[in-house]
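Have a look at the structure below, then the notes.
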Amino acid sequence: MCEADAFILKNGKEEKFLESVDLIKWEGEDEIYLVSIFGEQKTLKGRLKLYDNTIRKIFFEGIEEDTLLDKAMI
């Protein structure tokens with residue numbers, strides 16, 4: 001498996017946002033839609049900071065708490 005976990009960078013710390021991300025889709029300028037291998041869907045506002053496949057992590061930044069938008073499962 002090559003899925004990576006998505007993290008939000010806040011004040012220099014990593015906060016896990018979604019495990020085993022299988023799909024990332026940009027919707028508009030700053031809205032990002034993610035889907036895990038388990039069918040869990042989440043949307044956030046921010047930007048991609050780093051994707052490092054060697055450690056299987058995806059980092060997003062520029063996100064404020066009230067901009068996280070969870071979507072229903074498939």
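Taking region 1-34 and a reference point 7 angstrom along Cα→Cβ of Ile55, the backbone N atoms nearer than 19 Å belong to 2-21. Taking 7 Å steps out from each Cα toward its Cβ at Arg47 and Asp30 produces label points 0.9 nm apart.
Every number here is computed from the coordinates shown, using simple stated rules; none is lab data. Predicted, not measured: the structure shown is a model, and the values here were computed from it. Every residue, glycine as well, gets a Cβ built from its backbone with ideal geometry; the counts of neighbours run over all protein chains shown.
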